[in-house]
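Structure, as structure tokens:
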Amino acid sequence: MKKRFVSIAALAVLTIALEGAASAAMIYDNTTASTGQTAGWLITFPFAAANSFNVSTTSTLTSFNFWVWEQSATGGAAPDVLKTVDWYIATDNGINAPLQYPFQNILSYNQYGGATSSVTPCSQCTSVNTSTGWYNVFEESVSIPNVLLTPGKYWLVINNAVPSSKNLIYWDISNGSSLAYYANSTASDPPTSINSESFQILGDTTGDSSTPEPGTLAMLSTGLLLMAGACRRMN
């Protein structure tokens, strides 16, 4: 019984170590001290916003975080909750604005990933009182189905945000280093250059999430040695 207990304990330590090694790395961060403090750009239909981000080493994207303004509870009504958004990741293609008219043309820009995805709220940053009412600023998270990107410049585009009510959803402005553009997907107007938004790109910097990192292999070897040593001591 003791032998079995020691082996299970060592395995538990190994599992925890591997989980820590598998945690997502920060690929790109466009948050600043202005996050949750200034204003936001509308991303409910028919409006869309695109922000550039750079990948410095081959990476597998697994999720992104972004910050939004949601209408606070007023007059006894329930506060807004963001349910889903449409997103996609596109290449730069030598242009600064992927939001060309007609809006559907963006799908041909070597799109690396895109979907209508449910949104998971991470935390509330702040509550802001504006001329149009109170807003809660939330950090939201969206899972990405392992999008593999080589070093280069890309775009994260978000539109068609669906809230729990008929109110509007705004993508928070961070004034970070990303380039950003804004467009009405149903109009013929060209995209407008805007201040960039609050978002983070996360993933695996080894490039292939199915291949263990060297650190992971080292921890695996250490864990197996610990288990073998524990078994020998109990024999």
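The table below lists the values:
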| quantity | calculated |
| --- | --- |
| Segments classed as strands (runs of 3 or more DSSP E), wholly inside segment 55-131, with at least 2 members that are at pLDDT below 80 and surrounded by 12 or more Cβ atoms within 10 Å (Cβ to Cβ) | 113-118, 120-130 |
| Which numbered condition Gly40 fails, given (1) surrounded by fewer than 16 Cβ atoms within 10 Å (Cβ to Cβ); (2) at pLDDT 85 or above | (1) |
| Positions within segment 149-166 being modelled with pLDDT of 90 or more and part of a loop (DSSP other than H, G, I, E, B), in sequence order | Thr150, Pro151 |
| Answer residue from segment 169-199, given it is of a type in the set (A, V, I, L, M, F, W, C) and surrounded by fewer than 24 Cβ atoms within 10 Å (Cβ to Cβ) and is farthest from Ile158 (Cα to Cα) among those | Ala187 |
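One line per residue, one yes/no per condition, for (1) part of a strand (DSSP E or B); (2) farther than 12 Å from Trp41 by Cβ:
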| position | (1), (2) |
| --- | --- |
| Val147 | yes, yes |
| Leu168 | no, no |
| Ser188 | no, yes |
| Gly203 | yes, yes |
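The values are calculated or read from the model by the stated rules, or taken from the named source; none is laboratory data. For clarity, every value in this text was computed on a predicted model and none was experimentally measured. Here Cβ is always computed from backbone atoms with ideal geometry, including for glycine, and neighbour counts include all displayed protein chains.
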